[in-house]
Amino acid sequence: MTDANPSSTHSREKSSLQVSLVLNGEAAVIGLRGRFVGGEVFQFRRSCTEASRQGLKNWVIDLSEVDEIDGYALASLVGLLSRARSSGGRLLLCGVNPDLKKRFEATMCDSIFQNEFTVSKAVERLEKSARG
């Protein structure tokens, strides 16, 4: 579907969340782009469920292209962290920009999540911990 009005296309892309799921070894890498808020959280949860069905228990969440995050998104991340831990897995965040970091700090979520700068570093960290 093509939109004749480029400005409305840009606006729609910025307001919606785009989710990508890549399996990288023993980890599900979920890349998020746009606003990770409210009703947009459903797409994230659907990707997590899909990866869980494939038996994955380690997660890397790439937030480097997230413009905004709210309480619903943070609750979803906490839920996924709980799921990972209960299955013997881990969850790492990466690409947390200064604005998102403030939100994590304000909600004290910064103390429960482990962060890496890049996806590759996060995957490497998970692989090292899996080897023991």
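Only one entry of Leu126, Leu92, Leu100 meets the criterion of being of a type in the set (A, V, I, L, M), part of a helix (DSSP H, G or I) and closer than 15 Å to Leu32 by Cα, and that entry is Leu100. Quick check on Val37: is it hydrophobic (A, V, I, L, M, F, W, C) and either surrounded by fewer than 19 Cβ atoms within 10 Å (Cβ to Cβ) or free of Cβ contacts under 8 Å to residues at least 12 places away in the same chain (or both)? It is true that Val37 is hydrophobic (A, V, I, L, M, F, W, C) and either surrounded by fewer than 19 Cβ atoms within 10 Å (Cβ to Cβ) or free of Cβ contacts under 8 Å to residues at least 12 places away in the same chain (or both). Scanning region 47-61 for residues that are within 12 Å of the chain's Cα centre (by Cα) and either over 16 Å from Arg85 (Cα atoms) or modelled with pLDDT under 90 (or both) yields one hit, Ser47.
For Leu81, the test of being outside any helix (DSSP H, G or I), within 12 Å of the chain's Cα centre (by Cα) and on the phi < 0 side of the Ramachandran plot is failed.
The values are calculated or read from the model by the stated rules, or taken from the named source; none is laboratory data. Values in this document were obtained by computation on a predicted structure and should not be read as measured data. Virtual Cβ from ideal backbone geometry, glycine too; neighbours counted across all protein chains shown.
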